[in-house]
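Colleague: Before anything else, here's the structure in question.
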Amino acid sequence: MVAIIDYNAGNIKSVMKAFDYIGKKAICTRDYHDILKADSVVLPGVGSFEYAMGELRRYELDKAIYEVCERKVPFLGVCLGLQLLFEESEENVGCKGLSILKGGIHRIPGGDEYKVPHIGWNSLKLSNNGRLFDGIDDNSFVYFVHSYYLRAEDESIVTASCDYGVNVHASVEKDNIFACQFHPEKSSKVGLKILKNFAEIE
């Protein structure tokens, strides 16, 4: 069973439907015990970094996330869920993230060619043999919606990146922890394969 953490940050139902589509039972929950007994856990989300961290703390879901990661249960952050795993974001200066992984979240510079937010399809450059991308070709396209991007401190955890005026660290993997800046649940067959790969990790 996949536990999808519900902390009022949106993008919950589409993630659950994607897991249902690939035949993996998923529940949306903020119950501590449901999260801890799940085979794998997903932290989705869209919106403000500060609001999301406040909601995670309000429901004490940060404690559940720390315990899941400590127990080495497969954990996937999606979009804002990726950003929250890191230390801080330029979106809300002074608001600390979960700090499970080292790095910062920066605003996309934008410009005439690169509109902010970055909305649409972009190709991935794969690296470091990420398990989420088993069976997926380099330069496959996935769907993004974001105004801020990750710069991981340790580039050895970066398993996919893309160019959007800057080098966007689009996916990371460290031990049992996985995260994608893009939306696999909105990325057609490639995205469904990524979710299937994640669901099969033990």
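The values are calculated or read from the model by the stated rules, or taken from the named source; none is laboratory data. Note that the structure is a prediction, hence the values are computed from the model and not measured. As a convention, Cβ positions derive from the backbone with ideal geometry for all residues, glycine included, and neighbour counts pool all protein chains shown. In case anyone asks, the SASA skips ligands and DNA or RNA and just uses the protein heavy atoms, side chains included. Shrake-Rupley method; radii C 1.70, N 1.55, O 1.52, S 1.80 Å.
Colleague: Accessible surface of residue 190 in the full protein assembly, 1.4 angstrom probe, to the nearest 10 Å²?
Modeller: The accessible area of residue 190 comes to roughly 40 Å².
Colleague: Now for a different question. Which distance in Å, rounded to a whole number, links the C-alpha centroids of the stretch 174-202 and the stretch 46-70?
Modeller: 20
Colleague: Go ahead and estimate [θ] at 222 nm for the chain from helices alone: -39,500 (n - 2.57) per DSSP H run with n ≥ 4, summed, over the residue count, rounded to 500. Before the final figure, lay out the partial values.
Modeller: Numbers: 6 runs with 53 residues, N = 202.
Dividing the helical sum by the residues of the chain leaves -7500 deg cm²/dmol.
Colleague: Something else now. Only loop residues by DSSP count here, and only those with at most 14 other Cβ atoms within 10 Å; note down the trypsin sites (Lys or Arg not before Pro) in the stretch 59-157 that meet that. Present the calculation step by step, with values, prior to reporting the outcome.
Modeller: Values: sites: 63, 71, 72, 96, 102, 107, 115, 125, 131, 151; in loops: 71, 72, 102, 115.
Counting only loop positions with at most 14 other Cβ atoms within 10 Å, the trypsin sites (Lys or Arg not before Pro) in the stretch 59-157 are 71, 72, 102, 115.
Colleague: Please turn the phi angles of the stretch 133-141 into ³J(HN,Hα) values with the Karplus equation 6.51 cos²θ - 1.76 cosθ + 1.60 (θ = phi - 60°), one per residue in order, whole Hz, x for glycine and proline.
Modeller: 9, 4, x, 10, 6, 4, 6, 5, 9
Colleague: If you take every DSSP beta bridge fully contained in the chain, what fraction is antiparallel? Give it as a percent rounded to 5. All intermediate terms of the calculation are to be shown ahead of the outcome.
Modeller: Working: 23 of 39 bridges.
Of all bridge pairs located within the chain, approximately 60 percent are antiparallel.
Colleague: Under a 1.4 Å probe, what is the accessible area of the chain per residue, stated in Å²? Please list the in-between numbers first.
Modeller: Details: 9160 Å² over 202 residues.
Accessible surface, normalised per residue, equals 45 Å².
Colleague: Sort 175, 138 by heavy-atom solvent-accessible area, probe 1.4 angstrom, most to least.
Modeller: 175, 138
Colleague: Between residue 179 and residues 5 or more places away or on another chain, which pairs have amide H atoms under 5 Å apart, with H built 1.01 Å from N, and which residues are they?
Modeller: Answer set, sorted by chain and number: 77, 172.
Colleague: Taking amide H atoms as placed 1.01 Å from N in the peptide plane, list the residues 5 or more away in sequence, or in a different chain, whose amide H sits under 5 Å from that of residue 148.
Modeller: Here 108 satisfy the definition.
Colleague: I've got another one for you. Provide 91, 55 ordered by accessible surface of protein heavy atoms (probe 1.4 Å), highest first. List each step's numbers first, then the result.
Modeller: Values: 91 55, 55 20 Å².
My answer, sorted largest first, is 91, 55.
Colleague: Moving on. Kindly provide the pair-distance distribution of the chain built from C-alpha pairs, with 10 Å bins from 0 and whole-percent values in order of increasing distance.
Modeller: That works out to 9, 40, 39, 11, 1, in percent per bin.
Colleague: Share of the chain's accessible area from carbon and sulfur, percent, 1.4 Å?
Modeller: Working: 4240 of 9160 Å².
After summing per-atom areas, the C and S share lands at 46 percent.
Colleague: Once amide H atoms are placed 1.01 Å from N in the peptide plane, what residues at a sequence separation of 5 or more from residue 104, or on another chain, have their amide H within under 5 Å of its amide H?
Modeller: The list, which skips near neighbours in sequence, is 151, 153.
Colleague: Taking 8 Å as the Cα distance limit and 6 or more residues as the minimum spacing, I'd like the relative contact order of the stretch 119-184 as a percentage.
Modeller: It rounds to 33 percent for the stretch 119-184.
Colleague: Any idea of residue 65's accessible area? Nearest 10 Å², probe 1.4 Å.
Modeller: So the heavy atoms of residue 65 present about 0 Å² to solvent.
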